[in-house]
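*Asks:* Here's a structure for you.
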Amino acid sequence: MAESLPEHDRILQEIESTDTACVGPTLRSVYDDQPNAHQRFMEKLDACIRNHDREIEKMCNFHHQGFVDAITELLKVRADAEKLKVQVTDTNRRLQDAGKEVIAQTEEIIRCRVQQRNITTVVEKLQLCLPVLEMYSKLKEQMNVKRYYSALKTMEQLENLYLPRVSQYRFCQIMIENLPKLREEIKEISMSDLKDFLESIRKHSDRIGETAMKQAQQQKTFNTSLQKQNNVNYGRNMHLGRSRILESKNEITLKRTFEEDDEHEEEVLTAQDLVDFSPVYRCLHIYSVLGDGEIFENYYRKQRRKQARLVLQPQSSMHETVEGYRRYFSQIVGFFVVEDHILHVTQGLVTRTYTDELWNMALSKIIAVLRTHSSYCSDPDLVLELKNLIVVFADTLQGYGFPVNRLFDLLFEIRDQYNETLLKKWSVLFRDIFEADNYSPIPVANEEEYKIVISKFPFQDPELDKQSFPKKLPMSQSVPQIYIQVKEFIYASLKFSESLHRSSTEIDDMLRKSTNLLLTRTLSSCLQNLIKKPHIGLTELVQIIINTTHLEQACKYLEDFISNITNISQVTVHTARLYGLSTFKDARHAAEGEIYTKLNQKIDEFIQIADYDWAMSESDGRASGYLMDLINFLRSTFQVFTHLPNNNNDHAAMSGKVAQTACMSACQHLSTSLMQMLLDNELKQISMGAIQQFNLDVIQCELFASSEPVPGFQGDTLQLAFIDLRQLLDLFMVWDWSTYLADYGQATSKYLRVNPSTALTLLEKVHRGYVSPILLYKYCCFNLFHFPNFVLKSIGAGDQQHQHRVIYR
């Protein structure tokens, strides 16, 4: 109650001091107060009215006299007021009549002023909105023409500069809501363009790579031609004759290179000419503006890594043709040319670290692929083309800053494989040459034919030069052909060694090593197989020996040939030597051995047809037919050896030595075979008639040996091959056992070469024939003091049963 009274006083003060138009809120507060507040306020209001009435009454009483005076004066001026009223009314009427037109005009002016103000306001607002609308229209137009980067810039201007000025309008809110959608649309479109670009470069990578490799190859050819031209000019005074030839060749090559460069000068294409990179730039700028540059970089690198794996995956049949390798290399080069271009024209999308990492991954895969597929190549021409492609591939990528040392290391592995394929190819060539050869000296009818032969093979023989045409060269046709093929092999090996960025010394060493492999393995194997062939006769074997001698002598010319093409002197410390000497010596030894073997085999064939009647009572009085045929064969064979063309002293000595060795070997083998025939375990008994017939055959052998079938033997050297048989047969023919037993063990013994064991074996067989046991017993008993020593020494102390059997008999 007490708290509400001051509040009522405040309300009454506000009512008294406030304009009647604003008294409503004050009165409302009366009803918003505590219960019964209205009644208390009315009481307070009544009390306040009574107070004011008393004050008014006091004031009226105080001013009553003045009021009366004022009324009196007012009454006086009443009449004047009436007149004034009439005048004012009349004046007002006249004024109203006069102001109607002014009022109308004033209202018209006011209306026009309002319109003008509204128009001014509209113009001002339109001036604010028109740039926004123009920018939005420009944005739409840029979207339609796919200028997305400019559209993003326009959006940025709209958001930061134009839209804040007119943000109170509804169309502005619609624009603000559409801008994020437009950004997403731009991102999607630019990403779609990027995907199309990635697909495009995947399809065009091989063309880009092919163009880049072609340009690198043209540049390399041009540089090589210039270098050769400079080398020719530099060495002109030192090697005038040779330099003129090289100079003319290089000038032609250089001229051709210049012409090719002029033809292709207008056709030089770059990656930008083949592929439109604008989608990458645009997408990069768009994502950078939108603040998603890192997302774009990660996406781009991820997709390119996937494409790299696809590019590095070769076709299963790639190794079958060079086009498969060319397409494989072109795609890889195209891929990294694009990456290099992106690296240099963009900022941060592709870094050097990223490209190096990608290249190292690709290089490992490339080396593994090439190592696998090259192992399937059996054609040396295909391997050589592969090498050339790898060199161009490496040079191209090296020009773009990628390290390629591992590729050149791989080429050394492929070089070994290339040499293997060459060796296989040349093995076939050598076999064909040997098969086609007639193994007879080369006939030359005139000087022209002679020059043709010596132009192919370095043959020099002053004695042969003195002879008149027609004449024969000692070697057969295969010798110059083999020599030419060895040179062709060296050329083929040199082709692979070119462009490997190696020194002349290294190339020279590689050529010599590969040539050594050709000589020591391929040619040697072919010669060994040739010598072992059954259709190669003795004459052919002798010709092979002569051929290998000439090929051995030609090795020094091959060394000079290698030195000339590599410009490396043979006096260089590290220069390897050709191993043809040992190769051809081994071939000669094998041929000689084969000669001896074939002769022995032929002798064995004759021996096998021998048909002795070991129980015959007396001989036929003439030598066996098989043996005469054998001697005739040996005589004709050695006559062929003797009549071989020996234009050269070395050839004569060599063929003579071979003939002598063959003749000695044949006689020794014949003697051994005849001895084995007598001592054959299956032969149980021999009659003296058979011994006599056998003696006649041995006599023919001795006559053959003494007839000097091969010149050059000293004295009875050849006859000594039959000395064992002769002494054994003499012992039985003369039955000179007393002399044999008496002189046994002495150097002057007549039967020094008769082995006691051999004599006993034959004696036992003769005994089984028809020799009287009493006669044999007499001889044994007569020399009983000699016989035990002789028996024990010959048949061994351990064979006591045999000793007792012989002594008993």
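The values are calculated or read from the model by the stated rules, or taken from the named source; none is laboratory data. No experiment lies behind these values; they were computed from the predicted model shown. Backbone-built Cβ (ideal geometry, glycine too); neighbour counts: all protein chains shown. We work out accessible area using only protein heavy atoms, side chains counted, and drop any ligands, DNA or RNA first. Shrake-Rupley method; radii C 1.70, N 1.55, O 1.52, S 1.80 Å.
*Asks:* Within the stretch 357-382, count every residue that is under 23 Å from Tyr418 (Cβ atoms), without any contact (Cβ under 8 Å) to a residue 40 or more places away in the chain and either of a type in the set (S, T, N, Q) or open to solvent by less than 10 Å² (accessible area, probe 1.4 Å) (or both). First the steps, then the outcome.
*Replies:* In the first step, residues of the stretch 357-382 are kept if they are under 23 Å from Tyr418 (Cβ atoms); the result is 363-382.
Among the residues that remain, those that are also without any contact (Cβ under 8 Å) to a residue 40 or more places away in the chain are: 364, 368, 372, 381.
From the residues that got through so far, the ones that are either of a type in the set (S, T, N, Q) or open to solvent by less than 10 Å² (accessible area, probe 1.4 Å) (or both) too are 364, 372.
Here the count works out to 2.
*Asks:* Continuing with the same structure: Yes or no: the stretch 684-698 includes at least one residue that is open to solvent by 10 Å² or more (accessible area, probe 1.4 Å), free of Cβ contacts under 8 Å to residues at least 60 places away in the same chain, assigned to a loop (DSSP other than H, G, I, E, B) and under 17 Å from Ala759 (Cβ atoms).
*Replies:* no
*Asks:* Please give the helices (runs of 4 or more DSSP H) falling wholly within the stretch 499-560 in which 1 or more residues are within 14 Å of Ala587 (Cα to Cα), in contact (Cβ under 8 Å) with a residue 40 or more places away in the chain and among the hydroxyl-bearing types (Ser, Thr, Tyr).
*Replies:* 524-532, 538-553
*Asks:* Could you tell me which numbered condition Tyr354 fails, if it satisfies all but one of (1) modelled with pLDDT of 80 or more; (2) open to solvent by 60 Å² or more (accessible area, probe 1.4 Å); (3) in a helix (DSSP H, G or I)?
*Replies:* (2)
*Asks:* Further question: Please enumerate the residues belonging to the stretch 272-295 that are without any contact (Cβ under 8 Å) to a residue 40 or more places away in the chain and surrounded by 14 or more Cβ atoms within 10 Å (Cβ to Cβ).
*Replies:* The one that is without any contact (Cβ under 8 Å) to a residue 40 or more places away in the chain and surrounded by 14 or more Cβ atoms within 10 Å (Cβ to Cβ): Ser288.
*Asks:* Is it the case, given these coordinates, that Gln87 is assigned to a helix (DSSP H, G or I) and surrounded by fewer than 10 Cβ atoms within 10 Å (Cβ to Cβ)?
*Replies:* Judged against the criteria, Gln87 is not a match.
*Asks:* Now a separate question. Of everything in the stretch 588-632, what is closer than 17 Å to Ile691 by Cα, part of a helix (DSSP H, G or I) and open to solvent by 40 Å² or more (accessible area, probe 1.4 Å)? Give them in sequence order.
*Replies:* Gly625
*Asks:* Is the stretch 708-726 home to any residue that is touching a residue at least 24 places away in the same chain (Cβ under 8 Å), loosely packed, with under 15 Cβ neighbours inside 10 Å and within 22 Å of Trp614 (Cα to Cα)?
*Replies:* no
*Asks:* Answer with yes or no whether Tyr299 is open to solvent by 10 Å² or more (accessible area, probe 1.4 Å), in contact with a helix residue (DSSP H, G or I) (Cβ under 6 Å, 6 or more places away or on another chain) and of a type in the set (Ser, Thr, Tyr).
*Replies:* no
*Asks:* Among what's in the stretch 491-511 and is closer than 26 Å to Asp432 by Cβ and surrounded by fewer than 18 Cβ atoms within 10 Å (Cβ to Cβ), pick the residue that is modelled with the highest pLDDT.
*Replies:* Within the stretch 491-511, the first condition is being closer than 26 Å to Asp432 by Cβ, and the residues that meet it are 491-496, 511.
When the remaining residues are screened for being surrounded by fewer than 18 Cβ atoms within 10 Å (Cβ to Cβ), the result is 491, 494-495.
Details: Tyr491: 89, Leu494: 86, Lys495: 84.
It comes out as Tyr491.
Conditions (1) modelled with pLDDT under 85; (2) assigned to a loop (DSSP other than H, G, I, E, B), marked per residue:
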site: Ala659; (1), (2): yes, no
site: Asp680; (1), (2): no, yes
site: Ala705; (1), (2): no, no
site: Glu708; (1), (2): yes, yes
site: Pro711; (1), (2): yes, yes
site: Arg726; (1), (2): no, no
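*Asks:* Same structure again: Output yes when any residue across the stretch 720-731 is in contact with a Cys (Cβ under 6 Å, 6 or more places away or on another chain) and closer than 27 Å to Glu592 by Cβ, and no when none is.
*Replies:* Taking the stretch 720-731 as the starting set, the residues that turn out to be in contact with a Cys (Cβ under 6 Å, 6 or more places away or on another chain) are 721-722.
Of the ones still in play, those that are also closer than 27 Å to Glu592 by Cβ are 721-722.
Yes: one or more hits.
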